[in-house]
Amino acid sequence: EAQAPEFQPVPSDASPGGSETILLVDDEELILKVAAPLLETLGYRVLLASSGEEALSVLAENAGEVDLVLLDLVMPGLSGTATFDRMQALEDPPKVLLSSGYSPEGAAADLLERGCQGFLQKPYRLAQISSKIRSVLDAAP
């Protein structure tokens with residue numbers, strides 16, 4: 001007699017993680033508080049910056065150690081676009097993944113054409129953020 005198929009729960013480690021260092025840049029404290037533990041759960045070392053200016057100083061302090069910058073596009077002060085441009089001028093520019101609650105038109109599309117590695121729509125979902133980060137980190141330079 002046919003048995004009903006058993007459904008196995010998907011293990012929580014199904015989301016690909018890693019041990020690289022990610023700089024999370026966002027002016028919204030809530031995003032930093034929610035996304036940082038999420039990334040740490042996946043195994044990443046997470047550095048935080050709440051502005052473009054702070055992101056650039058964190059990069060300078062951790063020169064050569066940051067594998068990926070998760071960069072908010074819309075921030076007061078130094079915008080995501082201006083921050084991206086300054087990062088690209090560094091001797092060893094990090095890979096950059098843009099994030100925004102807005103659609104990837106306009107400024108984001110412009111940055112994607114100028115070498116930004118990808119775009120993440122907010123709010124983040126664990127599976128989406130983990131696979132997008134892995135695809136950027138694993139892509140050939």
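The values are calculated or read from the model by the stated rules, or taken from the named source; none is laboratory data. In this text the structure is predicted, and so the values were computed from the model without any measurement. With ideal geometry, Cβ positions are generated from the backbone for all residues, glycine too; neighbour counts draw on all protein chains shown. To get the accessible areas, we keep the full protein, side chains included, count just its heavy atoms, and leave off ligands, DNA and RNA. Shrake-Rupley method; radii C 1.70, N 1.55, O 1.52, S 1.80 Å.
Where a Cα-Cα gap under 19 Å defines reach, which lysines qualify for Lys132, not counting those fewer than 8 residues away within the same chain?
Output for Lys132: Lys95, Lys122.
Compute the separation of the alpha-carbon centres of region 19-47 and region 89-124 and state it in Å as a whole number.
Cα centroid to Cα centroid, the span is 17 Å.
Counting pairs of alpha carbon atoms under 8 Å apart in space and at least six apart in sequence, what relative contact order in percent does the chain give?
Rounded, it is 22 percent for the chain.
Just the Cα atoms of region 97-141, one point each, no solvent: what log10 I(q)/I(0) does Debye give at q = 0.22, 0.29 Å⁻¹?
Once normalised to I(0) and log-transformed, intensities are -0.76, -1.08.
Taking only protein heavy atoms into account and a 1.4 Å probe, give the accessible area per residue of the chain in Å².
Here the residues of the chain average 56 Å² of exposed surface.
If each residue of separation counts as 0.36 nm, what is the full-extension length gain between Asp85 and Gln121 once their alpha-carbon separation is subtracted?
10.9 nm
What angle do you read, to the nearest 10 degrees and between 0 and 90, between the alpha-carbon axis of helix 126-138 and the longest principal axis of the chain?
Roughly 60 degrees between the two axes.
Using the charge dipole of the chain (Lys, Arg: +1 at Cβ; Asp, Glu: -1 at Cβ; taken about the Cα centre), state which of Gly115, Val46, Val69 has its Cα farthest towards the positive end.
Going by the charge dipole, the pick is Gly115.
To the nearest 10 degrees, how steep is helix 29-41 against the longest Cα principal axis of the chain, on a 0 to 90 scale?
Helix 29-41 sits roughly 50 degrees off the main axis of the chain.
Quick one: with all protein chains in place, what share of the accessible area of the chain is carbon or sulfur, to the nearest percent (1.4 Å probe)?
Carbon and sulfur: 54 percent of the exposed surface of the chain.
If you line up the long axis of helix 52-61 against the longest principal axis of the chain, both from Cα atoms, how many degrees apart are they, to the nearest 10?
90
Using helices alone, what [θ] at 222 nm do you get for the chain, with -39,500 (n - 2.57) per DSSP H run of 4 or more residues, divided over all residues and rounded to the nearest 500?
-11000 deg cm²/dmol
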